[in-house]
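See below for the structure under consideration.
A short reminder: the numbers here are calculations on the coordinates, not readings from a lab. Being a predicted model, the structure only gives us computed values, none of them experimental. Ideal geometry is used to build each Cβ from the backbone, glycine not excepted, and the neighbour counts take in all protein chains shown.
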């Protein structure tokens, strides 16, 4: 190991930095507290020092990038050190904890190796044989109360059996139980349930908040900035659109800019039951002078969004949502929605139930945004007289000009 590092430290000085490193990360989003011994703290410090060197070499030596992917523990970290600024911050600041869980149930082996990040974004590495589907749940250690969190599942990439789960807590949970539910390929049967207790150091819950409320006026209403929160991995803005007529759907190309011109890209948009929204950006913005820039704002109407389908005539009545009839066979209805970036229908009622949805992307010539053709399928339970109303929860079609404001 030492020879690898010494040779590469000398070699990278004479190697040009690669212009681009490409990685594919596929994410699907779903909703849902071990005291550190001195030994674990020592391991963390060693890991930090090693990973900083590892990070330098990863970015300067193509050969080391290849070697790194085959090293134990850090091999799977390679892609994240390049992809996510918040992950880099966590590694540099020592927000690393060894879990060291290993168990076998019903012939299925699970290893949970390391944890990197803080409560806003926490990456947990695990190893599991191929051919299984995994979902996780969080609860307190006594399994009395569920813990609300958002999950992102990173599929297998460089090493066959290694995976990552990214967990985003709504609030810091020092001690919790992570339950790994392992299913067969078609998810028809639970094959094993692994319960992994995790106890975090208090530093994983550190954050800074400011509640300097600000009003931003736009054509669709006033955006109320309710607060800014920063941690080592994420900077988030909580806001709400005050409008009697329109719903906020999403921002187009949102970015935070500090006083030095550094840009922080958006990682996700979250919604709360009280109507508040929270947009997160990768990394910690330590600057007190932050600019929030948005190119455009997508919106839709608050009320009466629906399409009416005539099953007998095989058509969709004229509508403003670019939705047309595709097919109706074996009680499965297909609708096509064109020239939109997305559409979400009400999942079910007494007549139908949502089945599946697929989208095809086409980039417009002006390179402003991508237009999607969305195919949505429904299982029809009751045809009735042949006319079915399907309500729309949200549609990403109409937009107005965005804004560029200082939020501190």
Per the 1/(1 + (r/R0)^6) rule, R0 = 60 Å and r from the Cβ atoms of residue 109 and residue 287, FRET efficiency to 0.05 is 0.85
Mean projected area (nm²) from the convex hull of Cα positions in the range 204-328 is 10.7
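Expressed as a whole percent, how much of the Cα-Cα distance distribution for the range 211-253 exceeds 16 Å?
Within the range 211-253, distances greater than 16 Å cover 45 percent of Cα pairs.
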The residues 288, 387, sorted from fewest to most surrounding Cβ atoms within 10 Å, come out as 288, 387
Bounding extents of the range 306-397 in its principal axis frame from Cα atoms, largest first in Å, are 45, 22, 21
Cα-based Rg/(2.2 N^0.38 Å) for the range 243-310, rounded to two decimals, is 1.46
Output ordering of 236-243, 375-382, 299-306 (per-residue mean of other Cβ within 10 Å, highest first) is 236-243, 375-382, 299-306
re the range 139-270: pairs of Cα atoms spaced beyond 24 Å account for a percent value of 51
When 177, 315 are ranked with the fewest other C-beta atoms within 10 Å first, the list becomes 315, 177
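Kirkwood hydrodynamic radius, computed over distinct alpha-carbon pairs, for the range 249-408: how many Å, to one decimal? Let's see the in-between values first.
On the way: mean 1/r = 0.0555 Å⁻¹.
About 18.0 Å, per the Kirkwood formula over Cα pairs.
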Once both label points are put 7 Å beyond Cα along the C-beta direction, the residue 381-residue 265 separation in nm becomes 4.2
Scoring the range 306-397 by relative contact order with C-alpha pairs under 8 Å, at least six apart, yields a percentage of 36
The relative contact order of the range 239-320, taking Cα pairs under 8 Å that sit 6 or more residues apart, comes to a percentage of 35
Here FRET efficiency (C-beta to C-beta, residue 339 to residue 175, R₀ 41 Å, nearest 0.05) is 0.25
Taking 253-262, 222-231 and ranking on average Cβ neighbours within 10 Å, highest first, one gets 222-231, 253-262
Output ordering of 184-197, 272-285 (per-residue mean of other Cβ within 10 Å, highest first) is 272-285, 184-197
Extension length gain for residue 203 and residue 312 (0.36 nm per residue less Cα distance), in nm, is 33.0 nm
